[in-house]
Amino acid sequence: MTDTEWENMFRESPSQAYGLFIEEYGNLIYAIVINKIGGCGTKEDVEDCVSDIMVEFFKNAERFSADSGSLKSYISIIAKRRAIDAFREITGRNGIVYDMDDDNIVLPPSDNDTAGEAEKHIFSRELWNIVKSLGEPDCSIIVYQYFYNHTVQETAQRLDMTSDAVQKRSIRARKKIGTILKSGDYYD
């Protein structure tokens with residue numbers, strides 16, 4: 001469906017247009033949000049952010065015009081901005097100071113094992129970078145299975161793949177992650 005067709009459908013039947021919108025762009029929105037807050041937020045934070053993006057889009061859907069740009073670009077901009085806002089809120093709530101330009105993370109002082117906490121945080125971030133480096137659809141498969149606890153069948157349905165293909169790609173992706181972790185080449 002083209003952007004113009006979606007725009008016309010929105011005028012005629014908003015509920016049908018919203019359904020198609022979610023079906024077409026839902027995974028894109030999740031990918032953007034996970035990319036921005038997956039390393040610091042919880043599953044609920046991701047879900048809340050995605051919901052906020054959908055609400056913001058639906059409130060302002062009449063502002064979209066196919067003549068001024070693509071729907072994919074429009075929703076990507078909304079998603080990226082909202083995800084960055086969520087990232088700032090989450091890191092502020094967790095007491096982490098993050099400078100998005102310098103990519104420096106400053107952890108607050110702790111009475112616990114600070115070195116251990118820092119190492120765990122660095123490992124989590126590096127693991128996330130490894131998963132992102134797998135490319136699609138492997139990255140999405142790992143995220144759905146291990147971040148969202150989806151079954152192979154649920155993941156296959158979301159990604160429009162067969163269960164066998166998802167299972168095989170998941171096995172290969174996990175082996176690749178294991179190889180990278182064993183080699184120690186994941187630190188910059």
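Here are a few things to note about the model shown:
- On the beta carbon distance between residue 20 and residue 151, with R0 = 22 Å, the FRET formula returns roughly 0.30.
- Rounded Å value of the spacing that divides the Cα centres of region 52-94 and region 18-40: 10 Å
- Distance between the 7 Å Cα→Cβ label points at residue 160 and residue 85: 3.0 nm.
- Each label point was placed 7 Å from the Cα along the Cα-to-Cβ direction; for residue 43 and residue 77 their separation is 3.4 nm.
We did not get these values from a lab; they are worked out from the coordinates using the rules stated. What you see is a predicted model, and the numbers here were worked out from it, not measured in a lab. No Cβ is skipped: glycine too gets one built from the backbone with ideal geometry, and neighbour counts run over all protein chains shown.
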